[in-house]
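Report on the structure given below.
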Amino acid sequence: MIRFENVGLRYGMGPEILKDVTFQLEPQSFQFLTGPSGAGKTSLIRLLFMSLRPTRGLIQVFGHDLSTIDKQKLPNLRRRIGVVFQDFRLLDHLTTYENVALPLRVAGKDESDYRSDVVELLKWVGLGERMHVMPPILSGGEKQRAAIARALITRPEVLLADEPTGNVDPPLARRLLRLFLELNKLGTSVVIATHDIALLEQVDARRMVLADGRLSVFE
Ligand SMILES: Nc1ncnc2c1ncn2[C@@H]1O[C@H](COP(=O)(O)OP(=O)(O)OP(=O)(O)O)[C@@H](O)[C@H]1O
Ligand SMILES: [Mg+2]
C-alpha cells in the first residue's frame, strides 16, 4: 500500500535525519515504529501522511508515485490515511462530537448520514458520555481517544498513531492497544510510533527501528 525506497530527509540545511529508508507497508499489517527521542519517528509519520516531502528517494502511496502525482489528488489519498498526532490537534471551540465528525463535514457529507456512526465510534473509544464536552475539559486520556476517533471516522485503510499512549496510565495504554489490535483485525494497517517499552512487549508485532537515521525492520 505504501512503499519507501532509499528515502532521505533533511530539514533546511540541517543534517540528514533519515537516510536510505526502505520498507513496505502491507495491507492489514500491524507494526511499531520505535527509536530514541529525536530519531525521526514523527518525521517518518509525516512523510507517510504526505505532509512532508522527502529530500530524496521514492515514495509510493496506494500505487501513486508522490514525486509525479497531480497535487489535486493528494487530499483524496490523505483521506485514506488516518493520523493521530503527538499533540492531538483537537479544536477547542468544537465539542468532542464535532471534532470527531469534522473530517466528514469537511468532505461535504450530510450530518443525518453520519450522526449515528460518530456516536457509535465515540462509544467504542469510551467517550459516549463525553461527546458534548469541549476538549479543554477532557482529561489527557480522553483527548487521546477523541483524536483516535477523529482519525478513524473516515474508515482509513492505514492508521498512523504518534505516541498514542504518551499521556495515559498503563491500564488505559493497554486498552488503547487492544483497540488498535481490534481495528487491525477489521482490516486496517496500523503503525504505532512509540518509545513505550511496556507497550512494545505486549504484542509480538513487526518492529521498525530508527537509529542514526537508518531504519531496520524486525519481523
Ligand atoms: N520542523 C523541523 N525543523 C527542523 N528540524 C526538525 C523539525 N522537526 C524535527 N526536526 C529534527 O529532526 C530530528 C527528528 O525529529 P522527530 O520529531 O522526527 O523525532 P522523534 O523520533 O519523533 O522524537 P520524539 O520521540 O522526541 O517524539 C530531531 O533532531 C529534530 O530536532
Ligand atoms: Mg515524535
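The values are calculated or read from the model by the stated rules, or taken from the named source; none is laboratory data. Computed from a predicted model, the values in this text were never measured in an experiment. Note: ideal-geometry Cβ built from the backbone for every residue, glycine included; neighbour counts use all protein chains shown. In case anyone asks, the SASA skips ligands and DNA or RNA and just uses the protein heavy atoms, side chains included. Shrake-Rupley method; radii C 1.70, N 1.55, O 1.52, S 1.80 Å.
Key figures for this structure:
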quantity	calculated
Accessible carbon and sulfur surface of the chain relative to its total accessible area, %, 1.4 Å	50
Nearby lysines by direct alpha-carbon distance to K123 (threshold 17 angstrom, same-chain neighbours under 8 apart not counted)	K143
Value at 222 nm in deg cm²/dmol, rounded to 500, when DSSP H runs of n ≥ 4 in the chain each add -39,500 (n - 2.57)	-9500 deg cm²/dmol
Global geometry of segment 66-179, whether rounded, prolate or oblate, following the gyration tensor of its Cα atoms and the 1.5 cut on a/c	oblate
Under 15 Å, Cβ to Cβ, from R105 - net charge with Lys/Arg +1 and Asp/Glu -1	-1
Heavy-atom accessible area per residue - the chain, 1.4 Å, Å²	50
Those lysines that a straight Cα-Cα span of less than 17 Å connects to K73, excepting residues fewer than 8 apart in one chain	none
Whole-Hz ³J(HN,Hα) from phi, Karplus 6.51 cos²θ - 1.76 cosθ + 1.60, for segment 168-174, glycine and proline x	10, 7, x, x, 5, 4, 5
Under 28 Å from the Cα of K71 - lysines, other chains or at least 8 residues apart	K19, K41, K109
Within segment 4-57, chymotrypsin sites (Phe, Trp or Tyr not before Pro) in DSSP loop having at most 15 other beta-carbon neighbours inside 10 Å	Y11
Percent of Cα-Cα distances greater than 28 Å, calculated over the chain	29
Residue of M208, M50, M13 that the Gaussian network model of the chain assigns the largest fluctuation, springs spanning Cα pairs under 10 Å	M13
